[in-house]
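First up is the structure itself, then whatever we jot down about it.
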Amino acid sequence: MDHKMLEDKIIENYRQEENMMILVFAQWCINNELDPEAIYLRAHPDQGSNPALREALELTVPKAEAGEIADETLLGVLSLFGNDDLAFVVNEEMNKRQR
């Protein structure tokens, strides 16, 4: 495998994993009756609408059909991708829910 093919494969794997992170985030929001796009915009007000998030929303299922996603799982996944801004906003929502 040449260098360019390896590089392309690494980028594609990262993109797939990033899409999975976005799906976990979106489903967690649905499970907690939050608007994923509104939460995302609070974390990234300069980015506007996120096409990957819109795609992930099409893959989410209703809360009644979804498995539980633990808060720690979501925070861990966001941390893996260095998405600290989104993790901060998600953490705020978790704190609101616990009050």
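The values are calculated or read from the model by the stated rules, or taken from the named source; none is laboratory data. Note that this is a predicted model, so its numbers are computed, not measured. Accessible surface areas use protein heavy atoms only, side chains included; no ligands, DNA or RNA. Shrake-Rupley method; radii C 1.70, N 1.55, O 1.52, S 1.80 Å.
Here the convex hull built on the C-alpha positions of the stretch 10-50 has a volume of 64 cubic angstrom per residue.
The alpha-carbon of LYS63 sits under 27 angstrom from the alpha-carbons of these lysines, leaving out residues fewer than 8 places away in its chain: LYS96. Ligands, DNA and RNA left out, the 1.4 Å accessible surface of the chain is 54% carbon and sulfur atoms.
Rolling a 1.4 Å probe over the heavy atoms of the protein chains gives the chain an accessible area of 67 Å² per residue.
With the largest listed first and rounded to whole Å, the semi-axes of the equivalent ellipsoid of the chain from the Cα gyration tensor are 26, 15, 13. Rolled with a 1.4 Å probe across the full set of protein chains, the surface gives HIS3 an accessible area near 140 Å².
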